[in-house]
Amino acid sequence: MELFFIIIKLVFGVLLTLCLVLISLKLTGNKYNSLQKGRYIKVIEKIQLSKEISIVLLQTGDKGYVMSCSPHSTEKLEELDEETMKSIIANKEQYGQEMMKKYSDMIGNIKIKGFKGKIK
């Protein structure tokens, strides 16, 4: 009987931890987005190529720049026009919405599967 209660506590703890992680990610994302909203220069995406080298996609106004950043130098690799930037941002937002829908569906499935039986 003790083993049963330990397993229930473990499952409850894991579900609680997952919920707290999702809530903190959602809150952090909103704060990061609100910090970036009023800025003229925005970092759209950053990809780490190695420990010290990364590629950054910046938006300044309507134009975009693909930059290479390392500890010793920063170089402009390419300049992007307004249409390309709008397309990139729209695709990024669409991908983010799709991922949020998948995570929401996954959490919904966990809730449904977790409480299938009758609660006494």
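Nothing in this text is a laboratory measurement; each read-out follows from the coordinates by a stated rule. Predicted model only: the values in this text are computed from it and were never measured. Every residue, glycine as well, gets a Cβ built from its backbone with ideal geometry; the counts of neighbours run over all protein chains shown.
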Low-density loop cleavage sites - trypsin sites (Lys or Arg not before Pro) in segment 1-107, where at most 12 other Cβ are within 10 Å (DSSP): 39, 51
With bins 5 Å wide starting at 0, give me the P(r) of segment 39-91 over every alpha carbon pair, in whole percents. 5, 21, 29, 24, 13, 7, 1
Name the long-range amide H neighbours of residue 80: under 5 Å, sequence gap of 5 or more, or other chain; modelled H, no Pro or chain starts. 64, 65, 66
Using amide H atoms built 1.01 Å from N in the peptide plane, name the residues 5+ places from residue 44, or on other chains, whose amide H lies under 5 Å from its own. 57, 58, 59
Want the number for residue 72 to residue 45: 0.36 nm per residue separation, take away the alpha-carbon distance, what's left? 7.6 nm
For the residue pair residue 106 and residue 87, what label-to-label distance in nm results when each label sits 7 Å from Cα along the Cα-to-beta-carbon direction? 3.0
